[in-house]
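The values are calculated or read from the model by the stated rules, or taken from the named source; none is laboratory data. Keep in mind the model is a prediction, meaning the values are calculated, not measured. Note: ideal-geometry Cβ built from the backbone for every residue, glycine included; neighbour counts use all protein chains shown. When the accessible area is computed, the model is the full protein with side chains, heavy atoms only, and any ligands, DNA or RNA have been set aside. Shrake-Rupley method; radii C 1.70, N 1.55, O 1.52, S 1.80 Å.
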Amino acid sequence: MPDDPASAPPVPEDRTPHRVPVLLPLPFAGPFDYKVPPHLPLALGDIVSVPLGNRRETGVVWETASLPADLTPTDTQAPVAASRLRAVAARLDLPPLPAELRRFVDWVAAYTLSPPGMVLAMTLRLHMHGTTTPATGWLAVAPPPDTLRMTPARLKVLALLDNGTPRSTTDLASAAGVSAGVVKGLADAGALRPVQLGPERPFGQPDAAHNPPTLVGAQETAAQALRQSVRDACFSATLLEGVTGSGKTEIYLEAIAECLAQGRQALVLLPEIALSAQWMDRFKRRFGVLPAIWHSEVGQRARRLTWLGTTDGSAQVVVGARSALFLPFCNLGLIIVDEEHESVFKQEEGVIYNARDMAVVRARLAGFPVVLVSATPSMETLVNAQAGRYRHLVLPTRHGGATMPETHLLDLRDTPPERGQFLSPVLVGDIAATLEREEQAMLFLNRRGYAPLTLCRTCGHRMECPHCTAWLVEHRARRVLSCHYCDHTEPLPDACPSCKTEGSLTAIGPGIERITEESRAHFPDARILVMSSDTLGGPAATAEAVEKIARRDVDLIIGTQIVAKGWHFPHLTLVGVVDADLGLGGADLRAGERTIQLLHQVGGRAGRAEAPGRVVLQSYTPEHPVMQALLGGDFQSFMEQEAEQRRPGFWPPYGRLAALVISAENAAEADDVAARFGRTAPYGDGIQVLGPAPAPLALLRGRHRRRLLLRTQRTIAVQPILRRWLAMVAPGRGIRVDVDIDPISFL
Ligand code: ADP
Ligand code: ZN
């Protein structure tokens, strides 16, 4: 049931007649008490404005802090005398935060050991900025002025206004894939006339019956199961696993249709770069309108509308990046996490949380279904499915008779690239043959720039970032060396900074700029498109690139992981992976799992329509189990082997991990605090602490970093142990201790 103001429980009067706890979106240990002014009735969840110091803050009337039982009394604040309390200034004219969301905020705070206010900030921060003034929209002037010079971009914008519905500049620009300047130009030329956009119904109402697909075989079974779990309207978690192109998206849209039919809101979480125009179009084809959208590229106004739309239910379906999980939905009935294995669901800064895992928590607390979707599910999710905690639905084949691409391993020891090059002659031949057949080819290398390392041939000096433990990456197009961890950029020097020899610096290894240079030499006539965050500024540029590929204006695509995401490129038949071994170095627990997931996803772009696809993996270690699994297309047995390796040592998901990352500007201070954590480390049966040790990224943005890793058996929760441990060491000024529960990055 949605919480509406009338049904929200009043603050219990017996205990604190004239005071209420208010949680502020700030890093305090819990809520602060405020006086309730006469004639201002307040209920739990009300959004209020309160004085704090000499400013006003927006907060939420909260439950009395439900502190974890293991917190010692010294951690709690002594109550402030009633006479010294300051009064709540106003209640904002917004729907209150539902009880289930307040419980969720408290739960996430306790799990991640974050101040609850910082979790609340993820729910609140958005509405505090921005304005309520209605925006200006545009209507086309008919007929257009005679003097108007027509361009393809202008035509696109005018076509969008054909149906007589006014649209804002940003909306028009993004829908037409043009810059805002085009819209402004049309307005200046007198072809558009301004109207006030009404704030009331910014979102179209998706129609569940608009354009349903005809599902076949396993698709129908899976869709039935999901529809039923939505109708059951209680917590359930389902893993929807299916090869790329099997119709997973099609099926979870059916679950959303059922959710709409039940009159409830749905949320789809996607990795940000998968949040594409292609996905949006697809939604529109199915439901007749676009969903509300939420990610970092969306403007303030659109965000504010989405935020408000979730509170009053007018945003019925929201698709967003991980932070959308904290939106204050009033009537949420379903969460879909697409590409659930993606590490981008983990937020690594501020409140360190995994949106996939917290989505399951939100669903459980509120009592509705959650669906995790992937072609290559994470080990955590697979184990949950095998243990029966999650239902497991499987789509074994591609839709419509399309076959899975055939995978070839190219042993670079047998057929090495020519000196100074990175593409084996065999792969070059494959690309040539593909282009000859007028099909498209793609080269994948998950590395931006020209070369990952610049080295002096005379003295061996390596160009490193002054602020990070990292090599500087050459970006030849911009003539700079740049650090991929911080903002540091410097011009490429003529002489080695160490031995001063002129012209001795050499690029070592490939980035995609270098692969592009090599490809141009091999295929001078091919139309090449480079897809990376350096070449594609934002969603509009990405949409444009994808459209070009679909129109066959491109022969060869060269890209970083941006090309791996969910795209449907019907004419693409060959995918070449330049360095399949790339992700396997390092001591990362999940290196193998991640490499398989990424390469499977990239390979899945090939052969999605009639013509069969081929994937060629260049490798120096073709005998590696990861390469063999990719060759045989046997993801499942690989994951079973991985599981067997993790089980005995209680590595996740068979045990629990938490990392402490200590960082300071001064190395000795970081060492000192790390050593104190080492000396006070918890011990006991099934508890182990590794470290302290310098982090692999021992220096990051000028801060020295040390790590400790707490590992426990699955039955032992890490949070109480961590709370006691953290209470024993006072780190001192300027020293940060970040707690990372369930870490997935070990850098
Ligand atoms: P996945 O999400 O598993 O990669 P998609 O849902 O994107 O798969 O489906 C792959 C392609 O096949 C898409 O173009 C989709 O529209 C189409 N498709 C899948 N199932 C059906 C169906 N039952 N009817 C029509 N088209 C379908
Ligand atoms: Zn740096």
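Overview of values
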| quantity | calculated |
| --- | --- |
| Which listed residue is surrounded by 16 or more Cβ atoms within 10 Å (Cβ to Cβ), under 26 Å from Ala110 (Cβ atoms) and either within 25 Å of the chain's Cα centre (by Cα) or free of Cβ contacts under 8 Å to residues at least 24 places away in the same chain (or both), from Phe746, Phe677 | Phe746 |
| In the stretch 335-350, residue nearest to the chain's Cα centre (by Cα) [restricted to those that are open to solvent by less than 10 Å² (accessible area, probe 1.4 Å) and of a type in the set (Val, Ile, Thr)] | Val337 |
| The stretch 456-502, subset of a type in the set (D, E, K, R), within 13 Å of ligand 2 (Cβ to nearest atom) and open to solvent by 50 Å² or more (accessible area, probe 1.4 Å), residue farthest from Ser533 (Cα to Cα) | Glu464 |
| Check on Leu332, within 15 Å of Cys259 (Cα to Cα), open to solvent by less than 10 Å² (accessible area, probe 1.4 Å) and not β-branched (Val, Ile, Thr) | yes |
| Members of the stretch 388-421 found to be under 24 Å from Arg520 (Cα atoms) and either assigned to a loop (DSSP other than H, G, I, E, B) or open to solvent by 70 Å² or more (accessible area, probe 1.4 Å) (or both), listed by number | Leu412, Thr415, Pro416, Pro417, Glu418, Arg419, Gly420, Gln421 |
| Residue list for the stretch 76-121, restricted to those being surrounded by fewer than 16 Cβ atoms within 10 Å (Cβ to Cβ) and not in a loop (DSSP other than H, G, I, E, B) | Ala82, Ser83, Arg84, Ala87, Ala90 |
| Which numbered condition Pro396 misses (of (1) more than 16 Å from ligand 1 (Cβ to nearest atom); (2) touching a residue at least 60 places away in the same chain (Cβ under 8 Å)) | (1) |
| The stretch 628-658, residues that are of a type in the set (A, V, I, L, M) and either open to solvent by less than 40 Å² (accessible area, probe 1.4 Å) or within 22 Å of Ile744 (Cβ to Cβ) (or both) | Ala629, Leu630, Met639, Ala643, Leu657, Ala658 |
| Yes/no for Leu240 being open to solvent by less than 30 Å² (accessible area, probe 1.4 Å), aliphatic (A, V, I, L, M) and either assigned to a strand (DSSP E or B) or without any contact (Cβ under 8 Å) to a residue 12 or more places away in the chain (or both) | yes |
| Pair list, Cβ under 9 Å, 6 or more apart: the stretch 166-189 residue within 22 Å of Thr147 (Cβ to Cβ), other residue of a type in the set (Phe, Trp, Tyr) and open to solvent by 20 Å² or more (accessible area, probe 1.4 Å) | Thr169/Trp138; Leu172/Trp138; Val183/Trp138; Leu186/Trp138; Ala187/Trp138 |
| Qualifying residue in the stretch 602-622 (condition: within 16 Å of ligand 1 (Cβ to nearest atom), part of a helix (DSSP H, G or I) and within 23 Å of Pro510 (Cα to Cα)) | yes |
| Residues located in the stretch 243-297, provided they are among the basic types (Lys, Arg) and within 16 Å of ligand 1 (Cβ to nearest atom) | Lys248, Arg282, Lys284, Arg285, Arg286 |
| Residue match in the stretch 712-726 (condition: open to solvent by 50 Å² or more (accessible area, probe 1.4 Å), modelled with pLDDT under 95 and closer than 24 Å to His484 by Cα) | no |
| Breaking point among (1) open to solvent by less than 30 Å² (accessible area, probe 1.4 Å); (2) out of contact with any helix residue (DSSP H, G or I) (no Cβ under 7 Å at 6 or more places or on another chain); (3) part of a strand (DSSP E or B), for Pro694 | (1) |
| Criterion (modelled with pLDDT of 90 or more and surrounded by fewer than 22 Cβ atoms within 10 Å (Cβ to Cβ)) met by exactly one of Ala580, Ala521, Ala543, Ala587 | Ala521 |
| Of all residues in the stretch 360-377 being within 13 Å of Tyr390 (Cα to Cα) and not hydrophobic (A, V, I, L, M, F, W, C), the one that is nearest to ligand 1 (Cβ to nearest atom) | Pro377 |
| Residue pairs meeting the criteria (Cβ under 9 Å; at least 6 apart or on separate chains; first without any contact (Cβ under 8 Å) to a residue 40 or more places away in the chain and under 14 Å from Ala668 (Cα atoms), in the stretch 690-707; second within 12 Å of ligand 2 (Cβ to nearest atom) and open to solvent by 30 Å² or more (accessible area, probe 1.4 Å)) | Pro694/Thr469 |
| Output for the stretch 503-518, where each listed residue is open to solvent by 50 Å² or more (accessible area, probe 1.4 Å) and not charged (D, E, K, R) | Gly503, Ile508 |
| Among (1) over 28 Å from Ala606 (Cβ atoms); (2) open to solvent by 30 Å² or more (accessible area, probe 1.4 Å), the one test that Ala225 misses | (2) |
| Test for Pro625: is it crowded, with 18+ Cβ neighbours inside 10 Å and touching a residue at least 12 places away in the same chain (Cβ under 8 Å) | no |
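Yes/no matrix, rows are residues, columns are (1) touching a strand residue (DSSP E or B) at 6+ places or on another chain (Cβ under 9 Å); (2) under 27 Å from Arg724 (Cα atoms); (3) assigned to a helix (DSSP H, G or I); (4) not polar (S, T, N, Q):
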{"position": "Pro653", "(1), (2), (3), (4)": "no, yes, no, yes"}
{"position": "Ala670", "(1), (2), (3), (4)": "yes, yes, yes, yes"}
{"position": "Val689", "(1), (2), (3), (4)": "yes, yes, no, yes"}
{"position": "Ala698", "(1), (2), (3), (4)": "yes, yes, no, yes"}
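Each row is one residue, and each column tells you yes or no for (1) touching a residue at least 24 places away in the same chain (Cβ under 8 Å); (2) among the aliphatic types (A, V, I, L, M).
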| residue | (1), (2) |
| --- | --- |
| Leu334 | yes, yes |
| Val351 | yes, yes |
| Val371 | yes, yes |
| Ser374 | yes, no |
| Ser378 | yes, no |
| Ala433 | no, yes |
